[in-house]
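The values are calculated or read from the model by the stated rules, or taken from the named source; none is laboratory data. These numbers were taken from a predicted model, which means no experiment stands behind them. Virtual Cβ from ideal backbone geometry, glycine too; neighbours counted across all protein chains shown. Accessible surface areas use protein heavy atoms only, side chains included; no ligands, DNA or RNA. Shrake-Rupley method; radii C 1.70, N 1.55, O 1.52, S 1.80 Å.
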2 protein chains.
Amino acid sequence: MKNTKVKALLASTDFLKEIQVSGWVRSFRSNRFIALNDGSTIHNIQCVVDFENTPEALLKRITTGASVKINGTLVESQGKGQTVEVQVTKVTILGDADPEEVKRTILQPKRHTLEFLREQAHLRARTNTFGAIMRVRSALSFAIHQYFQQNGFYYVNTPIITGSDAEGAGEMFRVSTLDEKNIPLTEDGQVDYKQDFFGKETNLTVSGQLEAETYAMGMGQVYTFGPTFRAENSNTSRHLAEFWMIEPEVAFCELDGNMDLAEDFIKSVLKYVMETCPDDIEFLENRLIQEDKSKPQAERSTMTLREKLNFVIDNNFKRVSYTEAIEILRNSKPNKKKKFKYLIEEWGADLQSEHERYLVEKHFECPVILFDYPANIKAFYMRMNEDGKTVRAMDVLFPGIGEIAGGSQREERLEVLQERIKEMGIEEEELWWYLDLRKFGTVPHSGFGLGLERLVLFATGMGNIRDAIPFPRTPLNAEF
Amino acid sequence: MKNTKVKALLASTDFLKEIQVSGWVRSFRSNRFIALNDGSTIHNIQCVVDFENTPEALLKRITTGASVKINGTLVESQGKGQTVEVQVTKVTILGDADPEEVKRTILQPKRHTLEFLREQAHLRARTNTFGAIMRVRSALSFAIHQYFQQNGFYYVNTPIITGSDAEGAGEMFRVSTLDEKNIPLTEDGQVDYKQDFFGKETNLTVSGQLEAETYAMGMGQVYTFGPTFRAENSNTSRHLAEFWMIEPEVAFCELDGNMDLAEDFIKSVLKYVMETCPDDIEFLENRLIQEDKSKPQAERSTMTLREKLNFVIDNNFKRVSYTEAIEILRNSKPNKKKKFKYLIEEWGADLQSEHERYLVEKHFECPVILFDYPANIKAFYMRMNEDGKTVRAMDVLFPGIGEIAGGSQREERLEVLQERIKEMGIEEEELWWYLDLRKFGTVPHSGFGLGLERLVLFATGMGNIRDAIPFPRTPLNAEF
């Protein structure tokens, strides 16, 4: 007989039908009520055991964490809290879970800290919270692919191991097969990378953008969705050494079109998640409300999780130039009263999360897209404006989180790009292929990057980015 | 005015409508006919320039590789080979392409070798062949996500950087931030990885399977789809150092269910590609026919590309035990006549591509799934059969390509697994978390791995795996 998923059973009205369901015991109450979960939904199905006709030895093995196969019939539930339940005719133990051993794990049904859950990341998916987060993450990932595929974009896998280090988005991890105890050196004492696997120094990518541009220049509209890496020693709740990034790149598209795309894209994928994972979102919303209760009033969320999601879906993103934003911030209350950690004193300042959140949460009360940033705080490939001091950059700012996505129109003019590369001290030969794109039918084009984990944090209401990815990689941590 | 995609224009019957289209000039003939491509389809749209009323200087800039914006009206075509064309009212040059410079690139409209195309991988997407391959790759990738999402699987991102090296699937790349010119050593002369970024030795993953199992043991059905790495010094047309792998993992599923899944999955995604990319598949089929003409009769394909795809979609995959296959091979003509490079002499032999292809192409004449392999040629985590010498492994074999996917039912019995780990000389502590899965509600479960690039090769009829990924990584090659 085939298993039916808990999700399907809970939605079924096919009463008195014989069914089989397999899963893990979340709890076993009164020697009678098994709360069974199989990962298909956050909800358990209640399986009612006929304990009088079940051997004592078998009943004893129905413990939290054990896996069982249940045969029985689906019936309308008499109890409250569920509409259907399973009248059990047979329980088969698939795998035991020693209650003494379970006590040292996160499977023990009680509140655990998120830190403790991280230490047992291999069991996290069996908890309500991480089941919900990971179902949301999966749905978001699919929504991302679906959005782009339905809108004429092609998925491009840019290289993970790269011999190109010109992007300059951050510190890199070296990839090598050289024997570390016996590194070959050249005559002048440098590491002889000619003897390494790729015959040159290679690193893990920090962004697939430059390579994605090469594909946009032929296929028109492309997107990447893959892992990227930063070897930064930041032990914060916002940074991972390994994270998943989405980078669309569009030919024949200027900054306005790029903003339209970012807004439509983000709204669309969040909407998909609300429609696809309502139970998980509801659970996470309640989790957040509970968590907030232990916080001082001032630190509590002003919106529930669903309110926050609808805030993004229902509002037009306000488009504001950097210059205008600086004026607003300079004259803002928190700036004047010196409440900002970093005070805004003059044009050219790099904005911090506190400033971004002020603009979104207090000033405009809607998501904001800032654009036309000072050239000297942005990357070399962003298109220079006529003023000679700002570039066609954009950042999308969200409540609670600050920057959720960043992008730009790219510099498509060969001479201007060469000039910028020179200023940055990058060798032209390093970027010969990137410059080629400007020599052979260059076109205006734009794109942006969005970190999946930031989006997962936003959609789940979680606070630490280590809880938005199955196995987080951070300084001194690469367990599993 | 907004651009319309070439694909949409070619499908339109909205004649006399004013349109705008932007793209790259593939050719410009008789000072009059622009073949314009924007990557949305393999087909170009013909744009007819009113050359008598167009300045000579502008006409001169309409050259192969240049990018242009065309304004005009869509009309029924008078010429053969297309049903619609654009009557041009205005040409705007977006980016020139110096014809002298174009001559040294693959943009030059003539036959180029695949090797030359690889050297200019940044421009490959602008050729017909690579446009088609990459559209097929993108469609396949989406079909993979869609298949799993529609069948109740959750997408899980397993770690790329891993501190676990027990899988043993192949040579690994080390990931490090230690200064290679000054590697810190411990007192006993070993590399002091405690000082490295993650505080331990880390490598690039060779497979996400073990971590995917941890998620299947909570969420039921999961799949990975991400990059994996092998630091093997194999310079063949079948190996990449970096490739994308798909690994479903299913709880409460034995080997038969795993075979059902693999067969249904592969058929479904190939069907999707045939339906979604008919023009690209047709182009690639003709390309293959042309290529075959230059080969000796014996090496030519016996099936066209679409025949080969339908061969997989329409046939039931024949399920054959390894033991049975060995008997067939031992008694086969090529074995007796010593035509195999590796002769099959006895049970226990590892099968080569030539044997796999013989079974599929000559003996069974349908895709084949071999199962129950000798334990000693397979990985430690595969479930031991009652016979004590074979394991519940399976390989899916395809025409032309041999193994396209490999998997197994996993060993869910703690003691048996511990025994196998010991035999392999792996430290139990290395796999504490993997063993935990067998301590807390272990369940029968199965999964398989499939390399995206092999599937792309099969779906496109290409022969070299370097042409199935945008930027191939192979020994001594990490350009771009």
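Things to note:
- Any hit, region A:430-446, residues being closer than 21 Å to A:Lys308 by Cα and either open to solvent by 10 Å² or more (accessible area, probe 1.4 Å) or not aliphatic (A, V, I, L, M) (or both): no
- Any chance A:Lys194 is within 11 Å of chain B (Cβ to nearest Cβ), part of a helix (DSSP H, G or I) and free of Cβ contacts under 8 Å to residues at least 60 places away in the same chain: yes
- Residue, farthest from the chain's Cα centre (by Cα), within region A:436-474, restricted to residues that are of a type in the set (Lys, Arg) and closer than 30 Å to A:Arg383 by Cα: A:Lys439
- Some residue of region A:336-343 being in a helix (DSSP H, G or I), over 25 Å from A:Ala262 (Cα atoms) and modelled with pLDDT of 95 or more: yes
- Sub-8 Å Cβ pairs linking a first residue in region A:453-475 that is assigned by TED's automatic domain parsing to the domain that holds A:Arg230 and polar (S, T, N, Q) to a second residue that is open to solvent by less than 10 Å² (accessible area, probe 1.4 Å) and in a loop (DSSP other than H, G, I, E, B), at least 6 apart or interchain, are A:Thr460/A:Ala468, ordered by first then second residue.
- Filter result (under 32 Å from the mean Cα position of the chain (by Cα) and not in a loop (DSSP other than H, G, I, E, B)) within region A:422-434: A:Glu430, A:Leu431, A:Trp433, A:Tyr434
- B:Ser141 vs. criteria at the interface with another protein chain (Cβ under 10 Å from one of its Cβ atoms), buried (at least 21 other Cβ atoms within 10 Å of the Cβ), touching a residue at least 24 places away in the same chain (Cβ under 8 Å) and touching a strand residue (DSSP E or B) at 6+ places or on another chain (Cβ under 9 Å): yes
- Among the residues of region A:179-190, just one is at the interface with chain B (Cβ under 7 Å from one of its Cβ atoms) and within 37 Å of the chain's Cα centre (by Cα), namely A:Glu180.
- Looking only at region A:34-55, and only at residues there that are more than 14 Å from chain B (Cβ to nearest Cβ) and open to solvent by less than 10 Å² (accessible area, probe 1.4 Å), the one that is farthest from the chain's Cα centre (by Cα): A:Val49
- On the stretch given as region B:99-114, residues that are open to solvent by 10 Å² or more (accessible area, probe 1.4 Å), touching a residue at least 24 places away in the same chain (Cβ under 8 Å) and within 11 Å of another protein chain (Cβ to nearest Cβ) total 3.
- Test: B:Ala393 is among the aliphatic types (A, V, I, L, M), under 29 Å from the mean Cα position of the chain (by Cα) and outside the structural domain of B:Gly218 (by TED's automatic domain parsing): no
- Per this entry, B:Leu117 is not counted among residues that are crowded, with 19+ Cβ neighbours inside 10 Å, in contact with a Phe, Trp or Tyr (Cβ under 8 Å, 6 or more places away or on another chain) and either within 14 Å of another protein chain (Cβ to nearest Cβ) or in a strand (DSSP E or B) (or both).
- A:Arg306 vs. criteria surrounded by fewer than 17 Cβ atoms within 10 Å (Cβ to Cβ) and under 18 Å from the mean Cα position of the chain (by Cα): yes
- Residue within region B:352-374 that is more than 24 Å from B:Gln418 (Cα to Cα), of a type in the set (Ser, Thr, Tyr) and in the same structural domain as B:Glu430 (by TED's automatic domain parsing) present: yes
- When region A:430-464 is filtered for residues that are within 7 Å of chain B (Cβ to nearest Cβ) and of a type in the set (Val, Ile, Thr), the ones remaining, listed by number, are A:Thr442, A:Val443.
- Members of region B:465-476 that are buried (at least 20 other Cβ atoms within 10 Å of the Cβ) and within 8 Å of another protein chain (Cβ to nearest Cβ): B:Ile469, B:Pro470, B:Phe471, B:Arg473
- Residue count for region A:229-254, restricted to those that are within 12 Å of chain B (Cβ to nearest Cβ), assigned to a strand (DSSP E or B) and touching a residue at least 60 places away in the same chain (Cβ under 8 Å): 7
- Residue in region B:315-324 that is in contact (Cβ under 8 Å) with a residue 12 or more places away in the chain, open to solvent by 10 Å² or more (accessible area, probe 1.4 Å) and part of a helix (DSSP H, G or I) present: yes
- Neighbours by Cβ (under 6 Å, 6+ apart or cross-chain): first from region B:56-85, within 14 Å of another protein chain (Cβ to nearest Cβ); second open to solvent by 60 Å² or more (accessible area, probe 1.4 Å) and of a type in the set (Val, Ile, Thr): B:Asn71/B:Thr89
- Every test in (1) of a type in the set (A, V, I, L, M, F, W, C); (2) under 25 Å from A:Pro99 (Cα atoms); (3) in contact with a helix residue (DSSP H, G or I) (Cβ under 8 Å, 6 or more places away or on another chain) is passed by A:Leu74 save one, and that test is (2).
- Apart from one condition, A:Gly152 fits all of (1) modelled with pLDDT of 95 or more; (2) open to solvent by less than 20 Å² (accessible area, probe 1.4 Å); (3) within 8 Å of chain B (Cβ to nearest Cβ); the exception is (2).
- Of the residues contained in region B:256-265, none is found to be within 30 Å of B:Thr113 (Cα to Cα), among the hydrophobic types (A, V, I, L, M, F, W, C) and open to solvent by less than 60 Å² (accessible area, probe 1.4 Å).
- Only residues that are in contact with a Phe, Trp or Tyr (Cβ under 9 Å, 6 or more places away or on another chain) and open to solvent by 10 Å² or more (accessible area, probe 1.4 Å) were counted across region A:1-23, and they come to 1.
- Test result for A:Val91, touching a residue at least 12 places away in the same chain (Cβ under 8 Å) and within 14 Å of chain B (Cβ to nearest Cβ): yes
- Residue within region A:270-278 that is under 30 Å from A:Glu412 (Cα atoms), more than 10 Å from chain B (Cβ to nearest Cβ) and out of contact with any Lys or Arg (no Cβ under 9 Å at 6 or more places or on another chain) present: no
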